[in-house]
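The values are calculated or read from the model by the stated rules, or taken from the named source; none is laboratory data. In this text, all values refer to a predicted model and were calculated from it rather than measured experimentally. Glycine gets a Cβ as well: all are built from the backbone with ideal geometry, and neighbour counts include every protein chain shown.
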There are 2 protein chains.
Amino acid sequence: MSTQALFNVAVVGATGAVGEQILKLLAERNFPIKSLKLLSSARSAGSKISFRGQELTVEEATPESFEGVDIALFSAGGDVSKALIPLAVRHGAVCIDNTNAYRMDPETPLVVPEVNIDKISEHKGIIANPNCSTIQMVAALKPLYDRFGISRIIVSTYQAVSGAGAKAINEMLRQSKEVLAGNPANPDILPVGSLPVKHQIAFNAIPQIDKFQDNGFTLEEMKMIRETKKIMGDDSIEVTATCVRIPVVYGHSESVYVELKSDFDIGEVKSLLADAPGIALVDDPDTQSYPLATDAAGKNEVFVGRVRRDLSNPRALNLWIVSDNLLKGAAWNAVQIAEYIAIPQA
Amino acid sequence: MSTQALFNVAVVGATGAVGEQILKLLAERNFPIKSLKLLSSARSAGSKISFRGQELTVEEATPESFEGVDIALFSAGGDVSKALIPLAVRHGAVCIDNTNAYRMDPETPLVVPEVNIDKISEHKGIIANPNCSTIQMVAALKPLYDRFGISRIIVSTYQAVSGAGAKAINEMLRQSKEVLAGNPANPDILPVGSLPVKHQIAFNAIPQIDKFQDNGFTLEEMKMIRETKKIMGDDSIEVTATCVRIPVVYGHSESVYVELKSDFDIGEVKSLLADAPGIALVDDPDTQSYPLATDAAGKNEVFVGRVRRDLSNPRALNLWIVSDNLLKGAAWNAVQIAEYIAIPQA
């Protein structure tokens, strides 16, 4: 009989859209928990959350919260991660961070288990969870990278409002009702809560996710460009991204053009995708089958379809990649990492 | 005092979404009309439409309808165009066709006035109006093509449901209400009315517009690829397209990556776009200004923004191009062509 090690786990941002999914997955996966601490901002502290039939009280996250914690999952915003993670690490916790705070830190592995699980062992207390739109793309491209090599990626995204949090979901649903009733949308949150200008998201497409950088790209676009190179471990891959918010609740979709380094057989491409871990190939033009955000919502897989050889470049492929941005794009990827830490050879 | 020539005009498909906009534009532009004939299928014949204060009765389109007609604007579907246009041409009418029936016919000019107005004079009775998603893209790219040359275009579209007609608009609005009320969407029209499988469009993104071809691309994607080369008059331009329907009522948006043939200054690119006829540059990251479908709806211009040099290829640009698919994408482009025919040097 083997003795299963048990862990003291903390979830920071437990009341947020991603935190809620993390708790659901920890319960579903029967994660080896000794104790579970739910942490949040002072504002949400005191709320009650049920976990495996037990009612837990959310506590305010403070430096002392991490005493005795083995594994801490952070999804409470970059500022919270920057303030608390160094203290949690000093207390001996391994921190899995869902925010942008440490992703490009050279000391911090940026991990998508299907792509670079080997990097986890290099951690110095922090493992970063990549941006949602990056995770699903690199997970789908990894089997093609390994077999053919990739020289260039051009991606346009169709991103769900849940990526901007529960408030953005409510805003989109509220606006939709208003516009359907013939009233003005009165935008209040999107595209970026902390910026002054707001745009209608209901029945619209907003080509801005996160703040603009000096080079004219948004931070979301730069995340896709930089994180893809870091996760693939290959700075030679050229990446271009245009990130767009559309009125979908759950599930990011991506139109991806990818140039491979060698000739390929389209049947082999489809087989590689169908057999890859965590990937589901949904691709049959005859039955009008392709991935849809509404089908991907609530599922852990990355769905790939519309796989076709480019007509202008025989070494290029076009793909349509869809996944639930709160699951594989955030909570599920983080819980996968936690499982690799907790359960060696998981 | 000059004497203005007046024309006998017929609008075929007068009761459809595009026909309605054509009539509105003919009135607004004070088109030189001697007589106006409104034609439709037998089903819609008998309905009354008001034009410049006069009530007109819609008649069923028959071969005899075109006797004495000088200019006929067709937007009643490809089958109607194929059946009636040859007869209308024999009656001496110049036909401006909004459908896919004659676009790739080598004898038929495919015209976007801002791009290739010189081709109009080559017509043999038929001038084809390009596909909506093609028109706005080539109109925006033409000034860059003339100055720098274009070697490659990779476009992903975010297309409005009005491109699939009034029924698709109603379907999307009905589904939105149902889903907001917690009911199933019960899709009935999209993605393609004549195909068996239907998908939810409310709060979703459907990567299929029109039927699949044997090469894995949809007909909409092939239209963008073929028509771009024909309108630009340059088969050497490599084009890749992924066409996606999203829950927007009016206004197609496009994420466009374009490789130029020579070095460029980004300031000059913006000046060329700002000064180009029919183009409006909306591009200021500091004020979060970029084109939006909701802003473009009801306007004739093609709006361009998010103009930025590609980070991976210094000769490439990224653009966000938005226009009302029923106006510049259909009715306005057709009326522009009609004006060039009716009013020399217009």
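Within the stretch A:294-318, residues that are within 21 Å of residue B:156 (Cα to Cα) sit with their Cβ atoms under 8 Å from residues that are assigned to a loop (DSSP other than H, G, I, E, B) and among the polar types (S, T, N, Q), at 6+ positions apart or across chains, in these pairs: A:294/B:200; A:294/B:204; A:308/B:215; A:309/B:215; A:311/B:215; A:315/A:262. Count of the stretch B:169-183 residues, restricted to those that are crowded, with 20+ Cβ neighbours inside 10 Å and either farther than 16 Å from residue B:198 by Cβ or of a type in the set (D, E, K, R) (or both), is 1.
If I filter the stretch A:145-167 for residues that are farther than 21 Å from residue A:256 by Cα and over 17 Å from the mean Cα position of the chain (by Cα), do I get at least one hit? There is at least one residue in the stretch A:145-167 that is farther than 21 Å from residue A:256 by Cα and over 17 Å from the mean Cα position of the chain (by Cα).
I'm trying to understand the selection: among the residues of the stretch B:21-50, which are in a helix (DSSP H, G or I) and free of Cβ contacts under 8 Å to residues at least 60 places away in the same chain? Passing the criteria: B:23, B:27, B:28. For the stretch A:280-294, taking the residues that are at the interface with another protein chain (Cβ under 7 Å from one of its Cβ atoms) and out of contact with any strand residue (DSSP E or B) (no Cβ under 6 Å at 6 or more places or on another chain), the one that is nearest to residue B:244 (Cα to Cα) is identified as A:292. Might you check whether a residue that is under 18 Å from residue A:330 (Cα atoms), modelled with pLDDT of 95 or more, of a type in the set (S, T, N, Q) and outside the structural domain of residue A:223 (by TED's automatic domain parsing) occurs anywhere in the stretch A:51-60? Within the stretch A:51-60 (the criterion being under 18 Å from residue A:330 (Cα atoms), modelled with pLDDT of 95 or more, of a type in the set (S, T, N, Q) and outside the structural domain of residue A:223 (by TED's automatic domain parsing)), the answer is no, since none of the residues qualifies. Only one entry of A:196, A:191, A:207 meets the criterion of being within 10 Å of chain B (Cβ to nearest Cβ) and in contact with a Leu (Cβ under 9 Å, 6 or more places away or on another chain), and that entry is A:207.
Quick check: anything in the stretch A:139-160 more than 30 Å from residue B:177 (Cβ to Cβ), part of a helix (DSSP H, G or I) and aromatic (Phe, Trp, Tyr)? Yes, the stretch A:139-160 has at least one match.
Among the residues of the stretch B:65-86, not a single one is among the acidic types (Asp, Glu), in contact (Cβ under 8 Å) with a residue 12 or more places away in the chain and in contact with a helix residue (DSSP H, G or I) (Cβ under 7 Å, 6 or more places away or on another chain).
The set of residues in the stretch A:94-134 being small (Gly, Ala, Ser) and part of a loop (DSSP other than H, G, I, E, B) consists of A:101, A:125. Scanning the stretch A:51-75 for residues that are surrounded by fewer than 17 Cβ atoms within 10 Å (Cβ to Cβ) and assigned to a strand (DSSP E or B) gives A:51, A:54, A:55, A:57, A:60. Against the criterion of being on the phi > 0 side of the Ramachandran plot and either within 11 Å of another protein chain (Cβ to nearest Cβ) or under 17 Å from the mean Cα position of the chain (by Cα) (or both), residue B:214 does not qualify.
Kindly indicate whether any position in the stretch B:254-277 is of a type in the set (Ser, Thr, Tyr) and within 9 Å of chain A (Cβ to nearest Cβ). Yes: one or more hits.
Looking only at residues in the stretch B:295-346 that are among the aromatic types (Phe, Trp, Tyr) and more than 9 Å from every other protein chain (Cβ to nearest Cβ), which one is farthest from residue B:224 (Cα to Cα)? Out of the qualifying residues, it is B:340.
When residue A:169 is tested against (1) more than 9 Å from chain B (Cβ to nearest Cβ); (2) in a helix (DSSP H, G or I); (3) closer than 17 Å to residue B:297 by Cβ, just one condition goes unmet, and that condition is (3).
Hey, does the stretch A:240-248 have a residue that's free of Cβ contacts under 8 Å to residues at least 40 places away in the same chain, more than 7 Å from every other protein chain (Cβ to nearest Cβ) and either within 30 Å of residue A:14 (Cβ to Cβ) or crowded, with 24+ Cβ neighbours inside 10 Å (or both)? No, the conditions are met nowhere in the stretch A:240-248. Here B:45, B:139, B:61 are screened, and the one residue that is closer than 30 Å to residue B:158 by Cα and either over 21 Å from the mean Cα position of the chain (by Cα) or of a type outside the set (Ser, Thr, Tyr) (or both) is B:139.
Per-residue answers, yes or no, for (1) modelled with pLDDT under 95; (2) in contact with a His (Cβ under 9 Å, 6 or more places away or on another chain); (3) at positive phi; (4) basic (Lys, Arg):
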| position | (1), (2), (3), (4) |
| --- | --- |
| B:240 | no, no, no, no |
| B:252 | no, no, no, no |
| B:267 | no, no, no, no |
| B:270 | no, no, no, yes |
| B:306 | no, no, yes, yes |
| B:315 | no, no, no, yes |
| B:319 | no, no, no, no |
| B:327 | no, no, no, no |
| B:340 | no, no, no, no |
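Each residue in the stretch B:249-291 was checked for being among the aliphatic types (A, V, I, L, M), under 26 Å from residue A:255 (Cβ atoms) and without any contact (Cβ under 8 Å) to a residue 40 or more places away in the chain, and 3 of them qualify.
Being under 21 Å from residue A:82 (Cβ atoms), among the hydroxyl-bearing types (Ser, Thr, Tyr) and surrounded by 24 or more Cβ atoms within 10 Å (Cβ to Cβ) narrows it down to one of A:134, A:157, A:108, so name that one.
Values: A:157 fails: under 21 Å from residue A:82 (Cβ atoms); A:108 fails: surrounded by 24 or more Cβ atoms within 10 Å (Cβ to Cβ).
When all the criteria are applied, what remains is A:134.
Residue under question is residue A:152, and the condition is that it be in contact with a strand residue (DSSP E or B) (Cβ under 6 Å, 6 or more places away or on another chain), basic (Lys, Arg) and modelled with pLDDT of 95 or more; does it hold? Against the criterion (in contact with a strand residue (DSSP E or B) (Cβ under 6 Å, 6 or more places away or on another chain), basic (Lys, Arg) and modelled with pLDDT of 95 or more), residue A:152 qualifies. If the condition is being under 22 Å from the mean Cα position of the chain (by Cα) and not in a loop (DSSP other than H, G, I, E, B), then the stretch B:76-93 contributes B:78, B:79, B:80, B:81, B:82, B:83, B:84, B:85.
Out of the residues in the stretch A:255-288 that are of a type in the set (Gly, Ala, Ser) and crowded, with 17+ Cβ neighbours inside 10 Å, which is nearest to residue A:163 (Cα to Cα)?
Within the stretch A:255-288, the match that is nearest to residue A:163 (Cα to Cα) is A:255.
Filtering B:21, B:54, B:4 for residues that are touching a helix residue (DSSP H, G or I) at 6+ places or on another chain (Cβ under 8 Å) and not aliphatic (A, V, I, L, M) leaves a single hit, B:21.
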